[in-house]
Each structure stands twice: as C-alpha cells, then as structure tokens.
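The values are calculated or read from the model by the stated rules, or taken from the named source; none is laboratory data. Note that the coordinates shown come from a computational prediction; the quantities given were computed from them, not determined experimentally. Backbone-built Cβ (ideal geometry, glycine too); neighbour counts: all protein chains shown.
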Amino acid sequence: MAGRRYILFSDLDGTLLDVRTFGFDGARPALETLRAKGIPLVLMTSKTAEETLGYVRVLATGESFSVENGGAAYLAVHRALAPPPGSVGDGEYFRWDLGVSVRRLTGFLQAFNRSRGTDIRTFGDLTVEEVAAATGLPLGEADQARRRRFDLPLIVPPEDGSALELLRSEAEAAGLAVVGGGLFPHLKGPADKGTAFDRLLSHYAASGGSRTVALGDSANDLPMLAKADLAVLMPRPDGSFDPGLRAALPRAILAPGPGPAGWAEAVLDIIRQGR
C-alpha cells in the first residue's frame, strides 16, 4: 500500500544502538527517511530518563519516549492539547510514573539477599567507574545509568547464578518481575514496555489508520512487540535471535542484520513495501 502511515516504537541497546559502541551511524538512512515522511519514532528503553533524553533529541527529534522498562512514559507536549489525566508536567513532556519505586525494589532485593545468603547487587551498589567497566558506557552516561527510579539492573555473581530463578519466583509472588534485557536482568514492577506502549499510543489518535511497528531484541521488549501491528526482531551480534521472542512471535519480521544497519534495512524495507 503506497503512502501507508506508520508509528515506530523502538528499543535502543542492541536494536537501534550498536551493542558494543552504542553508536547509530548505520541507522542514519532510515532516520532521515522517517523525518522526511513525518513518521514518529518513539524510543522505548531500559535506560534512565537522563540517559535517554540525549538520544531522543538526536534520533527522534523530541518525540515521546519510555524509560526503565515501562517505569515511566513521557508524552511530547505537542501530542496533547492539555495535560493528560494522571500525568505531570516535566519540561517539554507530560510524564506518567507507571512503575514501582526503586526504594521498594531495593528493599525487596536486600531482604532476599539476607534470607538466601546471596549477594545480588545493582548499579546503585557500584561506583560510577565500576558501572562504566561493566557496561562499556562513558563515565557520564554510567553516572546517569545509576540514577534509577523504577527498575534495577542486577549484577549476579557467578556463584549465585542459580539464585536468579529463585529471585524471579519470589518477585512474582510479591507482584514484581525479573526480566531479561541487554547485558543484565532487571528487577521491576508489573508495568512494562507494553504498558507504556498503550499509554503513549492513545495520544497518537490523530494518526488514525497508521500501522504500529515495534523493534526489539530481548525478552523485556516482548510486551511491546506483541502489541504492535508489525513486530521486528533484531538479531544478536552473532546473528542469532532470542529464542523466547521467536517462540512467542512466530510471525514477526526478522531483521537482516544486527545493530543500527540491520535496524535501518528492516525499517526501510517495511516503508518501501507498504507492509
């Protein structure tokens, strides 16, 4: 269908950004096409708001976005005539806080470690230098990555590896969740990228008839991918795909390659074919 309209929802790390360098040069042809055609790009990430805002300005020209695995959703003010119910003003955005507070998450993890004799830590337990070494982030971004509000990336010592499944079980019993995503599993509340997807999409009604496209590479992207009209799975650097995503989304489009270049090729192919 020529001229079909789209709204794109995209993960960042390992999807639009290179998993090693965090660069996006390979995606520039598609980003330029999105801008030329006026196709919104909504970034949906496990990063903090402080980390994400710079990418939003460069990649998505100030569009809406979601952070910390659906912990908060930010609606660009030009997408609403008035503050939406339940939101608060936050600069150029209306913000919904959807997740469980990091204070509750930290308390739960500390109690788990005490009762099970484990030492599962979070970014908040590390220095900025340690976070930078663990993630490959520059020091400034590593500092921003530590400032969590709704989601805790977990550092599980090799000797405590079996404790992760026990933590997952106890978290579910407490109304929380442990999900995979990027380099680290994450402890979070029940809100997820699908929750944020619904909250933001409802304010794109003026784009009636548009198809939603979601791109992601990890288990934490599944709630978003499952809601989109077109789901695009991104491969890992070795070319393999997350087996859980493949099983859950057998009809998903498989991007032709990893990282920003593969992202761009998949996006441009969808637009060219009018899928």
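Looking at region 99-113, is at least one residue of a type in the set (A, V, I, L, M), farther than 18 Å from residue 165 by Cα and modelled with pLDDT of 95 or more?
Scanning region 99-113 turns up at least one residue that is of a type in the set (A, V, I, L, M), farther than 18 Å from residue 165 by Cα and modelled with pLDDT of 95 or more.
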- prompt: Which of the residues spanning region 70-107 are closer than 17 Å to residue 154 by Cβ, crowded, with 19+ Cβ neighbours inside 10 Å and out of contact with any Pro (no Cβ under 8 Å at 6 or more places or on another chain)?
  reply: 71, 99, 102, 105
All helices (runs of 4 or more DSSP H) inside region 214-275 with 2 or more residues being buried (at least 22 other Cβ atoms within 10 Å of the Cβ): 222-225, 259-273
- line: Sole miss for residue 197 among (1) in the same structural domain as residue 41 (by TED's automatic domain parsing); (2) crowded, with 23+ Cβ neighbours inside 10 Å; (3) modelled with pLDDT under 90 is condition (3)
Output for region 15-38, where each listed residue is part of a loop (DSSP other than H, G, I, E, B) and out of contact with any Leu (no Cβ under 6 Å at 6 or more places or on another chain): 16, 18, 19, 20, 21, 22, 23, 38
message: surrounded by 18 or more Cβ atoms within 10 Å (Cβ to Cβ) and of a type outside the set (Lys, Arg): is that true of residue 111 in this structure?
response: no
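Against the condition in contact with a helix residue (DSSP H, G or I) (Cβ under 8 Å, 6 or more places away or on another chain), in the same structural domain as residue 24 (by TED's automatic domain parsing) and not polar (S, T, N, Q), how does residue 67 come out, does it pass?
yes
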